[in-house]
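Once you've had a glance at the structure underneath, I'll fire off some questions.
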Amino acid sequence: MVETGEENCGAEAIKAKSAESTKRAILRAALEEFALKSVSGARAREISAKAGVNHAAINYHFGGKNEMYEEILRAAVDSFRAEISEFLAEADAFLKSPVRDKSAAIEMIKKAFLRTHNRLSSENFMRLMLLLKREEIFPSRSFDITFEGSFKPSMEALVSLILVLKEGASRQSAIMTAFTLIGLNDSVCSCRTAYLRLSGKSEIDESDIAMFGGIVSEQIERILS
């Protein structure tokens, strides 16, 4: 039986869809492995087993473990940039404005940090954040992907706003203030499991997020005042 053009196109579409599905399964499994074990600790065979695919599929779709890691980092950066896009746009407009309302700047910074707390229940989001944080603490050869794509633009915006709020402060002081705010926010997020255990709860709810947000807001205002 001779295949018609339509049959051939249909077969190719099914093949392409299957290949894309395989690639997504590998990326999901790899994100978990890399977030928990780092690029050096993760093993390609474990990733392929978790994804339910042949080990050769990793080389076929990515070329190897390091190439796969870089693709996941870029995806994590894209996700993070989407999360902070509103903050970056608002900060840019504020810094270009001839009239700068300092209370508006503080609210802008608070909102940027509080957005993190609204995603605490998303396991995928937390893995992405863990991956980016791990790359900052234990930088690999791919550090520039995260630094240039996510960390630098968010930090530059935050530092610029702090310099407006803390008149006369040096850039170095503003950078340290920014790190203090980030550390405060991270500490609240990273203690989620201990908080649940101590409070006898099984999961974070809206009241917890509101409480965490209020604590962070209070400290941000105190630090920036």
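Given the criteria closer than 18 Å to Leu161 by Cα, aromatic (Phe, Trp, Tyr) and surrounded by 13 or more Cβ atoms within 10 Å (Cβ to Cβ), does Phe94 qualify?
Against the criterion (closer than 18 Å to Leu161 by Cα, aromatic (Phe, Trp, Tyr) and surrounded by 13 or more Cβ atoms within 10 Å (Cβ to Cβ)), Phe94 qualifies.
Here's a follow-up. Within segment 103-146, can you find the residues that are exposed (fewer than 15 other Cβ atoms within 10 Å of the Cβ), charged (D, E, K, R) and more than 17 Å from Ile209 (Cβ to Cβ)?
Result: Glu136, Arg141, Asp144.
Please count how many residues of segment 94-127 are of a type in the set (Gly, Ala, Ser), over 20 Å from Ile220 (Cβ atoms) and modelled with pLDDT of 85 or more.
1
Okay, moving on. For segment 108-225, please list each of the helices (runs of 4 or more DSSP H) lying entirely inside it that holds at least 2 residues being under 17 Å from the mean Cα position of the chain (by Cα).
Working: elements: 123-137, 143-146, 152-165, 171-190, 192-199, 206-224.
In segment 108-225, the matching helices (runs of 4 or more DSSP H) lie at 123-137, 143-146, 152-165, 171-190.
Taking only segment 64-82 into account, find how many residues are among the charged types (D, E, K, R), over 19 Å from Pro139 (Cα atoms) and either loosely packed, with under 14 Cβ neighbours inside 10 Å or free of Cβ contacts under 8 Å to residues at least 40 places away in the same chain (or both).
Count: 0.
For Ala93, which of the numbered conditions (1) part of a loop (DSSP other than H, G, I, E, B); (2) out of contact with any helix residue (DSSP H, G or I) (no Cβ under 8 Å at 6 or more places or on another chain) fails to hold?
Looking at each condition in turn, Ala93 falls short on (1).
For segment 157-164, indicate whether the set of residues that are more than 30 Å from Ile47 (Cα to Cα), free of Cβ contacts under 8 Å to residues at least 12 places away in the same chain and not hydroxyl-bearing (Ser, Thr, Tyr) is non-empty. Before you say what the answer is, go through the steps one by one.
To start, the set of residues in segment 157-164 that are more than 30 Å from Ile47 (Cα to Cα) comprises 157-164.
Subset that is free of Cβ contacts under 8 Å to residues at least 12 places away in the same chain: 163.
If we keep only those that are not hydroxyl-bearing (Ser, Thr, Tyr) as well, we get 163.
Taking every residue of segment 157-164 in turn, at least one turns out to be more than 30 Å from Ile47 (Cα to Cα), free of Cβ contacts under 8 Å to residues at least 12 places away in the same chain and not hydroxyl-bearing (Ser, Thr, Tyr).
Take the residues of segment 180-210 that are among the hydrophobic types (A, V, I, L, M, F, W, C) and surrounded by 14 or more Cβ atoms within 10 Å (Cβ to Cβ): which is farthest from Lys102 (Cα to Cα)?
Residues of segment 180-210 among the hydrophobic types (A, V, I, L, M, F, W, C): 181-182, 184, 188-189, 191, 194, 196, 198, 204, 209-210.
From what's left, surrounded by 14 or more Cβ atoms within 10 Å (Cβ to Cβ): 181-182, 184, 188-189, 196, 204, 209.
On the way: Leu181: 17, Ile182: 20, Leu184: 21, Val188: 25, Cys189: 27, Leu196: 36, Ile204: 32, Ile209: 26 Å.
Among them, the one singled out is Leu196.
The values are calculated or read from the model by the stated rules, or taken from the named source; none is laboratory data. Predicted, not measured: the structure shown is a model, and the values here were computed from it. Cβ coordinates were reconstructed from backbone atoms using ideal geometry, including for glycine residues, and neighbour counts include every protein chain displayed.
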